[in-house]
1. Please provide three numbers in whole Å: the alpha-carbon extents of the stretch 239-321 along the principal axes, with the largest listed first.
2. Taking the dipole about the Cα centre of the chain, with the C-beta of Lys and Arg at +1 and of Asp and Glu at -1, give me whichever of VAL115, PRO226, VAL191 is farthest to the positive side.
3. Using the Cα centre as the reference, give the magnitude of the dipole from point charges on the C-beta atoms of the chain (Lys, Arg: +1; Asp, Glu: -1; all else neutral), rounded to the nearest 20 debye.
4. Full-extension gain between SER325 and LYS113, please, as 0.36 nm times their residue separation minus the C-alpha to C-alpha distance.
5. On a C-alpha basis, how far is the centre of the stretch 132-174 from the centre of the stretch 293-330 in Å? Whole number, if you could?
6. Could you give the dipole magnitude of the stretch 144-254 about its Cα centre, charging the beta-carbon of Lys and Arg +1 and that of Asp and Glu -1, in debye to the nearest 20?
7. For the chain, what is the calculated [θ] at 222 nm in deg cm²/dmol (nearest 500), taking -39500 (n - 2.57) for each run of four or more DSSP H residues and dividing by its residue count?
8. Work out how much length ASP29 to ARG7 would gain on full extension: take 0.36 nm times their residue separation and subtract the Cα-Cα distance, in nm to one decimal.
Amino acid sequence: MAQVTIRQLNKVYEGAVHAVKDVNLEIPDREFVVLVGPSGCGKTTTLRMVAGLESITSGDILIGDTVVNDLAPMDRDIAMVFQNYALYPHKSVYDNMAFGLKMRKFDKAEIDKRVQHAADILGIQQLLSRRPRQLSGGQRQRVALGRAIVRNPQVFLFDEPLSNLDAKLRVHMRVELRKLHERLGTTAIYVTHDQVEAMTLGDRVVVMKDGLVQQVGDPMTLYNTPANLFVAGFIGSPAMNFANVTVVGGEGGLWVETKGLKLRLPGALASRAAPLTGKSAVFGIRPEDLRVANSADPAEYSMDCEVEVVERLGSETLLDTRVGSETIVAAVEPMVAVRAREKVRLAVTPDRMHLFDAETEKAV
């Protein structure tokens, strides 16, 4: 087992494409870290540099106390699970899992011990004699995981390993991956574009955009206190609602307002927002922090809107509404009797309001 240290990591391709920009990251031993972001954000390039599959333009990568910049992938004591499984079609499951050990000249008894142990962990003992073409997508992914497990590496690297699976199987495999990590206790770096995967799998999540790390933290820190507008909009499903507003003073406090919306900022947020008085800002509220208002809800923390679409999902109902020129989505109780084109009043949870500087996009 080992910690991974990334220092001032950069990757510049020919044509001056700066794919990874000054990434610094400390991944302690046994931690499961997820790199997440949209396509082209640099997450996979970062992972491939850790694996030794991409050259480093500048910076250092350490596995344990060893700088691995110039080490070949096979000398880094890592195991990588790819998006496309990368199984040999002409070999059996057993031989696919054993291949790396055979190349490293392990004796037959040790190979058999490791393969059988990995197959037992993953529940694929009955598949060892089959070929990849005889397996489902989920079974192939388990074989790819088994091939990595038998290596007993210091670090596991995962490059979007669940993206080829159907939605139900992805949920199941997320749980299995988390159980596997708890059982093996090996340092893991996982890349995905799916923020739900990131939130459910990661001890910590690294959000990237345009080659830059936007924020690093445990899932609930990213959810509750996003560092900027991008993180706020990327983390959470459904996504956070945003409205372009002006911060104004009045009636003994600070307010945010735009056409059809005027809300009072609660105490702590108002104090932080004071320098923005008279300036533009972006107001944010998550759908789950909105509800249909009742007569007891104060007017300064509610808004009138028109329902455009009702999405009944069983466990909750999503109301796609129009507030002035802004679209606001509310996640409400499943039995709320609301129809499209109805007028409703939504109440916000005051201490769940967010505000972002319109110029820097940083959280206030």
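The values are calculated or read from the model by the stated rules, or taken from the named source; none is laboratory data. Remember, it's a predicted structure, so these values are computed and weren't measured experimentally. When we count neighbours, we look across all protein chains shown, and the Cβ atoms used for this are built from the backbone with ideal geometry, even at glycine. Please note that ligands, DNA and RNA were not included when accessible areas were found on the heavy atoms of the full protein model with its side chains. Shrake-Rupley method; radii C 1.70, N 1.55, O 1.52, S 1.80 Å.
1. Projected onto the principal axes, the Cα atoms of the stretch 239-321 cover 43, 27, 23 Å.
2. Projecting each Cα onto the dipole axis, the largest value belongs to VAL115.
3. Dipole of the chain, to the nearest 20 debye: 1280 debye.
4. Working: separation 212, 0.36 × 212 = 76.32 nm, distance 6.46 nm.
Gain on stretching SER325 to LYS113: 69.9 nm.
5. 40 Å
6. Dipole about the Cα centre, nearest 20: 440 debye.
7. Here the helix-only value at 222 nm equals -7500 deg cm²/dmol.
8. 6.3 nm
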